[in-house]
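A.B. asks: Please read through the structure below; I'll follow up with questions.
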Amino acid sequence: MTNYPELHMIIDGEKIPVGDRRVHKVVNPATEEVIGELPLADAADLDRALEVAERGFKIWRNSSAQERAAVLQGAARLMLERQEDIARIATMEQGKTLAETRIEVLMNVGLFNFYAGETQRIYGRQLVRPAGMRSSVTYEPVGPVAAFAPWNFPIGNPGRKLGAPVAAGCSVIMKAAEEAPASALAILQCLLDAGLPKEAGQAVFGVPDEVSRHLLASPIIRKLSFTGSTVVGKHLAKLAAEDMKRTTMELGGHGPVLVFDDVDVDGVLDVMVPGKYRNAGQVCVSPTRFIVQDGVFDRFRDGFIERAKAIKVGNGMDEGVQMGPMANPRRPDAMQRMIGDAVTRGAKLGTGGERIGNQGYFFAPTVLSDVPLDAEIMNEEPFGPVALINRFSSEDDMIAEANRLPYGLAAYSWTKDAARQKRLAREIETGMFCVNTTMLGGPDTPFGGVKWSGHGHEDGPEGLMACMVLKTVHEG
Ligand code: NAD
């Protein structure tokens with residue numbers, strides 16, 4: 001049994017304990033027990049981290065591609081060695097099942113190894129000019145990065161926030177979520193133990209708005225990387241704009257799922273139901289609005305309800321549990337408010353709709369159908385274990401519903417009709433679109449949205465290039 005570790009910040013390689021700083025109490029969402037005390041940075045801590053990051057950039061920008069690859073591969077090996085400990089810590093602080101947190105470690109391993117390869121492929125180009133003149137297009141690391149990682153993927157988000165800047169030759173100050181800090185620290189520790197200079201990778205925690213304002217006000221920081229809600233993303237983008245900092249913004253979604261009459265309903269449900277309730281629905285690409293054609297609507301809704309009822313909810317540490325608690329008390333509160341509003345407006349509650357037990361932030365897998373479009377839950381990201389299933393007849397109306405909201409992160413479609421697949425792929429306004437699958441991520445493919453879901457990408461060569469800037473050198 002892994003014990004939850006002592007918490008600290010990491011500044012200039014030093015583990016900064018609570019001391020006389022303010023504290024955030026970390027709570028196990030399955031038991032509501034306080035499992036750790038996290039120091040919160042004061043202004044002096046943040047200034048120190050900034051000064052170190054400036055030095056760190058000067059060191060790490062001069063590293064060779066091979067050095068960066070060696071650090072990333074070394075960290076990947078250490079994550080594999082430490083997989084079980086990291087997974088257990090993440091389940092303790094975030095709630096999701098051990099099966100899920102083990103996969104998160106593997107996602108990071110894949111990403112770090114992919115970036116290790118990409119460091120060798122940062123090409124520029126040279127243009128031949130008359131009389132020996134030439135123009136060279138080169139890439140340089142953007143500079144010190146301030147990276148903010150949320151709590152829903154306590155291992156995977158920090159992996160993304162750290163991996164790309166390290167691969168590019170940037171220094172990074174990461175502020176991961178105060179609610180799930182130990183997993184983030186464990187990932188940074190793997191990089192440091194694999195040889196990342198202590199100045200190049202640091203972790204601070206604090207009052208989020210204080211930390212982001214402080215870091216983004218500093219001219220030392222040249223890039224903001226944020227994953228979280230659209231509201232906070234817009235606020236941070238404005239702060240970054242004051243100093244023209246580059247930004248990568250991975251924001252909210254409201255994933256539409258188009259299900260057409262020609263599908264094998266059971267086959268689709270076998271994939272979509274576990275997809276919906278993964279991480280208790282606290283996933284930015286979660287399938288949320290099920291836009292289902294007339295001919296299969298009743299069977300789809302009834303099958304969804306039957307499968308949702310069968311999901312085993314419990315402590316993510318326990319064998320056989322399929323869905324853990326929600327990560328914090330704000331989420332079940334939000335679920336109750338949004339579901340209550342939808343039902344008041346006429347939505348039909350197929351199953352769930354309430355908390356489970358009186359200890360831990362457990363919420364029942366929920367299915368709502370015939371949900372009016374003016375219900376809050378049809379417009380705001382629910383970020384919870386709720387499927388919204390509505391009936392449509394025409395393809396045009398289904399596409400219009402998919403594109404109705406200002407979000408554009410991930411969308412899913414199920415149909416055997418090849419011509420329709422092509423049309424959907426063209427018409428649906430999202431950064432990621434799935435045809436007959438839910439597998440939308442991989443280390444080698446860009447992950448990101450359009451519209452209010454943000455801009456820029458993580459993963460893929462694009463994730464690395466997002467931490468670099470172009471310089472063109474003209475020589476006479
Ligand atoms: P929130 O919007 O306050 O926080 C979301 C994340 O942003 C947290 O990790 C938080 O620490 C961070 N944050 C908040 N204010 C910040 C600031 N001023 N500067 C820097 N970081 C800041 O709310 P929450 O209750 O934690 O989550 C609620 C909503 O956030 C969810 O409903 C969901 O829409 C969204 N969310 C999205 C993702 C994602 O993967 N895109 C992840 C977590 C939360």
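A.B. asks: Checking residue 289 against (1) closer than 30 Å to residue 4 by Cα; (2) within 16 Å of the ligand (Cβ to nearest atom); (3) crowded, with 18+ Cβ neighbours inside 10 Å, which test does it fail?
C.D. replies: That leaves (1) as the condition not met.
A.B. asks: Then there's this: Among the numbered criteria (1) open to solvent by 10 Å² or more (accessible area, probe 1.4 Å); (2) more than 27 Å from the chain's Cα centre (by Cα), which one does residue 300 miss?
C.D. replies: (1)
A.B. asks: Let me ask you something else. Can you name the residue in segment 183-203 that is open to solvent by less than 10 Å² (accessible area, probe 1.4 Å) and more than 14 Å from residue 173 (Cβ to Cβ) and, of all such residues, is farthest from the ligand (Cβ to nearest atom)?
C.D. replies: Among those residues, the one meeting the criterion is 190.
A.B. asks: Is it true that residue 69 is farther than 21 Å from residue 154 by Cα, without any contact (Cβ under 8 Å) to a residue 24 or more places away in the chain and of a type in the set (A, V, I, L, M)?
C.D. replies: Numbers: farther than 21 Å from residue 154 by Cα: yes; without any contact (Cβ under 8 Å) to a residue 24 or more places away in the chain: no; of a type in the set (A, V, I, L, M): yes.
No.
A.B. asks: Enumerate the pairs (first residue in segment 402-425 and free of Cβ contacts under 8 Å to residues at least 40 places away in the same chain; second residue anywhere and among the aromatic types (Phe, Trp, Tyr) and open to solvent by 10 Å² or more (accessible area, probe 1.4 Å)) with beta-carbon separation below 8 Å, excluding pairs fewer than 6 apart on the same chain, so at least 6 apart or on different chains.
C.D. replies: 425/433
A.B. asks: Based on this model, can you work out whether residue 296 counts as more than 30 Å from residue 168 (Cβ to Cβ) and assigned to a helix (DSSP H, G or I)? Even if it seems obvious, please write down each step before you answer.
C.D. replies: Numbers: more than 30 Å from residue 168 (Cβ to Cβ): yes; assigned to a helix (DSSP H, G or I): yes.
The answer is yes for residue 296.
A.B. asks: Go through (1) basic (Lys, Arg); (2) within 15 Å of the ligand (Cβ to nearest atom); (3) part of a helix (DSSP H, G or I) and name the single condition residue 175 misses.
C.D. replies: Result: residue 175 fails condition (3) only.
A.B. asks: Of all residues in segment 315-354 being of a type in the set (D, E, K, R), open to solvent by 50 Å² or more (accessible area, probe 1.4 Å) and not in a loop (DSSP other than H, G, I, E, B), which is nearest to the ligand (Cβ to nearest atom)?
C.D. replies: First pass over segment 315-354, keeping only residues of a type in the set (D, E, K, R): 318-319, 330-331, 333, 337, 341, 345, 348, 354.
Then keep just the ones that are open to solvent by 50 Å² or more (accessible area, probe 1.4 Å); that gives 318-319, 330, 333, 337, 345, 348, 354.
Then drop every residue that is not not in a loop (DSSP other than H, G, I, E, B), which leaves 330, 333, 337, 348.
Values: 330: 5, 333: 10, 337: 12, 348: 24 Å.
The qualifying residue nearest to the ligand (Cβ to nearest atom) is 330.
A.B. asks: So how many residues does segment 355-365 have that are in contact with a helix residue (DSSP H, G or I) (Cβ under 6 Å, 6 or more places away or on another chain) and open to solvent by less than 20 Å² (accessible area, probe 1.4 Å)?
C.D. replies: The first filter runs over segment 355-365 and keeps only residues in contact with a helix residue (DSSP H, G or I) (Cβ under 6 Å, 6 or more places away or on another chain), leaving 355, 361, 363, 365.
In the following step, the residues that additionally are open to solvent by less than 20 Å² (accessible area, probe 1.4 Å) were identified as 363, 365.
Residues that pass the stated criteria total 2.
A.B. asks: Another question, then. Hey, among the residues in segment 366-380 that are in contact (Cβ under 8 Å) with a residue 40 or more places away in the chain and open to solvent by less than 10 Å² (accessible area, probe 1.4 Å), which one's farthest from the ligand (Cβ to nearest atom)?
C.D. replies: Restricting to residues being in contact (Cβ under 8 Å) with a residue 40 or more places away in the chain and open to solvent by less than 10 Å² (accessible area, probe 1.4 Å), the top hit is 369.
A.B. asks: Another one. Going residue by residue through segment 187-203, is there one that turns out to be under 18 Å from the mean Cα position of the chain (by Cα), in a helix (DSSP H, G or I) and either closer than 19 Å to residue 42 by Cβ or aromatic (Phe, Trp, Tyr) (or both)?
C.D. replies: Residues of segment 187-203 that are under 18 Å from the mean Cα position of the chain (by Cα), as a first pass: 187-188, 203.
Narrowing the set further to residues that are in a helix (DSSP H, G or I) leaves 187-188.
Filter once more, so that each one left must be either closer than 19 Å to residue 42 by Cβ or aromatic (Phe, Trp, Tyr) (or both): none.
No, the conditions are met nowhere in segment 187-203.
A.B. asks: With (1) touching a residue at least 60 places away in the same chain (Cβ under 8 Å); (2) surrounded by 21 or more Cβ atoms within 10 Å (Cβ to Cβ) as the list, and residue 175 as the residue in question, which single condition is left unmet?
C.D. replies: With respect to (1) touching a residue at least 60 places away in the same chain (Cβ under 8 Å); (2) surrounded by 21 or more Cβ atoms within 10 Å (Cβ to Cβ), residue 175 is out only on (1).
A.B. asks: Same structure again: Is it the case that some residue within segment 381-390 is over 26 Å from residue 95 (Cα atoms), modelled with pLDDT of 95 or more, open to solvent by 40 Å² or more (accessible area, probe 1.4 Å) and not hydrophobic (A, V, I, L, M, F, W, C)? Explain how you work it out, then say what you get.
C.D. replies: First, pick out the residues of segment 381-390 that are over 26 Å from residue 95 (Cα atoms): 389-390.
Narrowing further to those that are modelled with pLDDT of 95 or more: 389-390.
Add one more test, that the residue is open to solvent by 40 Å² or more (accessible area, probe 1.4 Å), and what stays is none.
No, there is no match, as no residue in segment 381-390 is over 26 Å from residue 95 (Cα atoms), modelled with pLDDT of 95 or more, open to solvent by 40 Å² or more (accessible area, probe 1.4 Å) and not hydrophobic (A, V, I, L, M, F, W, C).
A.B. asks: Among what's in segment 240-253 and is touching a residue at least 60 places away in the same chain (Cβ under 8 Å) and open to solvent by 30 Å² or more (accessible area, probe 1.4 Å), pick the residue that is nearest to the ligand (Cβ to nearest atom).
C.D. replies: Only one residue tops the list, namely 247.
A.B. asks: Condition first: of a type in the set (Val, Ile, Thr) and within 16 Å of the ligand (Cβ to nearest atom). Can you find one or more residues in segment 270-282 that meet it? Give the derivation first.
C.D. replies: Of the residues in segment 270-282, the ones of a type in the set (Val, Ile, Thr) are 271, 273.
With the extra rule that they be within 16 Å of the ligand (Cβ to nearest atom), the set shrinks to none.
No, every residue in segment 270-282 fails to be of a type in the set (Val, Ile, Thr) and within 16 Å of the ligand (Cβ to nearest atom).
A.B. asks: Please return the ranges of strands (runs of 3 or more DSSP E) entirely within segment 45-157 where 3 or more residues are under 21 Å from the mean Cα position of the chain (by Cα), assigned by TED's automatic domain parsing to the domain that holds residue 466 and surrounded by 24 or more Cβ atoms within 10 Å (Cβ to Cβ). Explain how you work it out, then say what you get.
C.D. replies: Working: elements: 125-128, 134-141, 145-149.
In segment 45-157, the matching strands (runs of 3 or more DSSP E) lie at 145-149.
A.B. asks: Any idea which of 219, 256 is under 28 Å from residue 324 (Cα atoms), more than 15 Å from the ligand (Cβ to nearest atom) and not in a helix (DSSP H, G or I)? Steps first, please.
C.D. replies: Values: 219 fails: under 28 Å from residue 324 (Cα atoms).
Answer to the selection: 256.
Yes/no per residue for (1) in a helix (DSSP H, G or I); (2) more than 9 Å from the ligand (Cβ to nearest atom); (3) within 25 Å of residue 183 (Cβ to Cβ):
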{"site": "205", "(1), (2), (3)": "no, yes, yes"}
{"site": "209", "(1), (2), (3)": "yes, no, yes"}
{"site": "224", "(1), (2), (3)": "no, yes, yes"}
{"site": "238", "(1), (2), (3)": "yes, yes, no"}
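A.B. asks: Within segment 2-13, take every residue that is farther than 14 Å from residue 181 by Cα and touching a residue at least 40 places away in the same chain (Cβ under 8 Å) and give me the one that is surrounded by the most Cβ atoms within 10 Å (Cβ to Cβ).
C.D. replies: Only one residue fits best here, namely 11.
A.B. asks: With the requirement that a residue be outside any strand (DSSP E or B), in contact (Cβ under 8 Å) with a residue 40 or more places away in the chain, touching a strand residue (DSSP E or B) at 6+ places or on another chain (Cβ under 6 Å) and under 20 Å from residue 236 (Cβ atoms), what does segment 431-456 give you?
C.D. replies: Within segment 431-456, 449, 452, 453, 456 meet the criteria.
A.B. asks: Does residue 223 fit the bill of being under 22 Å from the mean Cα position of the chain (by Cα), among the charged types (D, E, K, R) and surrounded by fewer than 19 Cβ atoms within 10 Å (Cβ to Cβ)?
C.D. replies: Details: under 22 Å from the mean Cα position of the chain (by Cα): yes; among the charged types (D, E, K, R): yes; surrounded by fewer than 19 Cβ atoms within 10 Å (Cβ to Cβ): no.
The answer is no for residue 223.
The values are calculated or read from the model by the stated rules, or taken from the named source; none is laboratory data. The model shown is predicted, which means the values in this text are computed figures rather than measured ones. Cβ: placed from backbone, ideal geometry, glycine included. Neighbour counts: every protein chain shown. Note: areas computed on protein heavy atoms with side chains; ligands, DNA, RNA excluded. Shrake-Rupley method; radii C 1.70, N 1.55, O 1.52, S 1.80 Å.
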